[in-house]
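Below is one structure, written out as structure tokens; comments come after it.
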Amino acid sequence: MRLPGRHRAAFGLWLLLTAVGAAALVRLELAHLQDLFETDARIAHRLLSQRAVQHDAILATVALLQPPAGAEPVEQRLPALYPQILSVQRRERDADWNDPALAAAESRSRILGRPALADVDFARGHYRVVLAAAPASFAARFDLRSVVPWNEWPMDPPTGPARITLEHGGQQFLLQPGAGPVGLWSLSFRKQLAADSQPFDLVARRGVGWADLPWRAIALWALAMAAAVAAWHWLRTQRAERRRAEELLRLGQVARLNTLGELAAGMAHELNQPLAAVLASTQAGRRLLQEDPPELETARGALRQAEEQARRAADVLGRLRRGVERPAGAEALQPVALSQAVRNALYLLEPEFARRQVAPRLETGAQEVAVQAEPVALEQIIHNLLTDVLPRIFEPFFTTREHGLGLGLSLCESLAAGMGGRLGVQAHSPRGAAFTLRLPLAAP
């Protein structure tokens, strides 16, 4: 179903406003999701960094609190106090590590003056840190799953949308599965933990798909824009209808005046001869009565009265004709763009065309044609040509409208002649008609 032009314009405006608003809402939602994602990722990074720093502090405390020989080793109680510590090894001053990785880590720790990472086994979820001290050095094995403070974790690990991992040296340990980066848009965050002894990267990724878009807000926006565009379209239509009604009223007033002029002219023409006969008869009767018999004064008075009434009737008709006929030169001929006059008439008839399901088509040449005419009279001719019946089209007093005078197209013929042109019509088979209005061209 093809929408009328004004409805297509309103529909296009609604689509444009809806698309612009939806894009803005999506942009705001993406910014909101980005803020939430980064906030959660930074909280997770801070919690793990605090745990990593805590591990360094635990090792440093154990090194400071080394008991004298023969006392119970303090480090053996650490797994009971800290679940993330799986085990703690001690190397006395005169002993050697039985693991080259621990020996190398102790050398680095001694040079750096802080704990050093010995090795990482993310497949098992373990890693070891060594602190060089005197008289003994210590190595602690940590469980990554227990390192995470889940009670303070900012997301729900099973259902959280972000995928969070710890990465180091090509190894990866999954903390939260999430949905991953698959989607229309991808959000990402990467930052190393704050402890140099555990230089793991916290990596968070999240995809934003169709389901994450603010469809409810978009639907509400679309409804609001539909209401706004409908109100605008209604106001625009009402304004156009008011202008059309005013223009039709103006044309109707001109048409009524012209019709009354034609009607008065016709009546005057029809009554002139009878009135002239009455006048001549009464004048003759008065002259005869003035001769003989002189006693017929009453008859003479009656004749004089008839003469006066006849003159009065003629004067009344003359005044009527002068009062309602189109004044000569009331609107001087001027150059008028022919296509624009036709468009004006078609605009006034838009509601009638829509009611009758008529689609007018205006065909113009490549060059605009200007004629010498009265603008209102020309529009009136075109308007009348589009609304009457062909067989009796120029017949005076024939009409298809209730209470019509039947002078519309007869008047158009007179108007065309008054502008130096002429109007004709020819039937087209199987239906339709072709009107030919000839008017003098306007001077270039």
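No lab work stands behind these numbers, since they all come straight from the coordinates. Model, not experiment: these values are computed from the prediction. Note that we place each Cβ from the backbone using ideal geometry, even for glycine, and neighbour counts take in every protein chain shown.
Run a plain Debye calculation on the stretch 161-222 (Cα atoms as equal point scatterers, no solvent) and give log10 I(q)/I(0) at q = 0.13, 0.24 Å⁻¹, rounded to two decimals, same order as the q list. Values returned for q = 0.13, 0.24 Å⁻¹ are -0.46, -0.95.
Based on alpha-carbon atoms, the Kirkwood radius and the radius of gyration of the stretch 13-89 give Rg/Rh equal to 1.51. If R0 equals 35 Å, the separation of the Cβ atoms of Q172 and Q34 corresponds to a calculated FRET efficiency of about 0.90. In this label model, R239 and A80 are separated by 8.7 nm, measuring between points 7 Å along each Cα→Cβ vector. Rounded to whole numbers, the Karplus 3J(HN,Hα) couplings from phi for the stretch 435-440 are 8, 10, 10, 10, 9, x Hz, using 6.51 cos²θ - 1.76 cosθ + 1.60 with θ = phi - 60°, and x at Gly and Pro. Using the Cβ-Cβ distance between R145 and R27 with R0 set to 41 Å, the FRET efficiency works out to roughly 0.60. A viscosity of 0.890 mPa s and a temperature of 25 °C, combined with the Kirkwood radius over Cα pairs in Stokes-Einstein, give a translational diffusion coefficient for the stretch 50-133 of 180 µm²/s.
Phi angles of the stretch 421-428 translate, via the Karplus equation with coefficients 6.51, -1.76, 1.60 and θ = phi - 60°, into HN-Hα couplings of x, 8, 10, x, 9, 9, 6, 10 Hz per residue; Gly and Pro are given as x. Taking Cα centre as origin and charging only the Cβ of basic (Lys, Arg, +1) and acidic (Asp, Glu, -1) residues, the dipole magnitude of the stretch 138-216 rounds to 180 debye. Radius of gyration (Cα atoms) of the stretch 144-185, expressed as a multiple of 2.2 N^0.38 Å: 1.26.
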